[in-house]
């Protein structure tokens, strides 16, 4: 695995070097294991998300989220799963972030569907007679007539996003407001004794560490999708949107599970087989993520094992 898919990545090894300067024991400041995952089914209620020919993104994302929960409970029962919603309700992004932070999650996974505008094709069908006035007289002329048809965009495949590195300042705000998620009581009291610059430096480095973890998981999810035969459209930084990824004080990714605007993909996204394959790929990636997290090898894995 390499990091060349991202324009900017902070190296975890660099981050860890400075984090350890705050304590002789790194574990005093951070949780070393993945204990709780928050799964967010995108959209809901009045917000239908992207439309397909017969289904909506909000329903597909919820179905896949519930399937993901079921597979995790069966295969990784020691990890607690929290869903931001289980029914067709609308939640503002601030509410989704509040649920995740209040649950004290160690990871935030947002499930969505992608969409692409249809292609439009025009074909010449003949001439029509058009009447117009010129110098006070009625005149006629022949005008070409075209018929425009709309064809579904053939785009298909998966993408996994993390927040843009240029938005780390917003992520740091969430980190400052939810320090209890990554600091135990002893560490928190120690940090409070530091001067403000030192404290903010710690939060800044912790934010970079979470950026690395999110990047690793995004790349791993895409690898697992590719293994399952899906088209890998890359792990990417989203420059705008997906505010919720910046608002949760934990590593966070957004998974675009497929193109609901493509009839073939829409059928796959709505099928039990498709939903199970998608959820299983994410579970496989989470297993790899937890292993790298526990063994503290994410930095090396991001750099191709170097």
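Every number here is computed from the coordinates shown, using simple stated rules; none is lab data. Here the structure is a predicted model, which means the values were calculated and not measured. Don't worry about glycine lacking a Cβ; one is built from the backbone with ideal geometry, like all the others, and counts go over all protein chains shown.
Go through 83-95, 265-277, 152-164 and give me the packing order, highest mean Cβ count within 10 Å leading.
Working: 83-95: 15.2, 265-277: 17.2, 152-164: 21.2.
Result, highest mean first: 152-164, 265-277, 83-95.
For the stretch 80-175, with equal point scatterers placed on the C-alpha atoms only and solvent neglected, what are the log10 I(q)/I(0) values from the Debye formula at q = 0.11, 0.12, 0.13, 0.14 1/Å, to two decimals?
Each listed q maps to, in turn, -0.64, -0.68, -0.73, -0.79.
What's the extension gain from residue 123 to residue 153 if we count 0.36 nm per residue and subtract their Cα-Cα distance?
Stretched fully, the residue 123-residue 153 segment lengthens by 9.0 nm.
How would you order 251-264, 122-135 from highest to lowest mean count of nearby Cβ atoms within 10 Å?
Answer by packing, highest mean first, reads 251-264, 122-135.
With only alpha-carbon atoms in the gyration tensor, what are the semi-axes of the equivalent ellipsoid for the stretch 32-79, in Å, largest first?
27, 12, 6
When the chain is fully extended, how far beyond the present Cα-Cα distance does residue 47 get from residue 144, taking 0.36 nm per residue of separation?
30.7 nm
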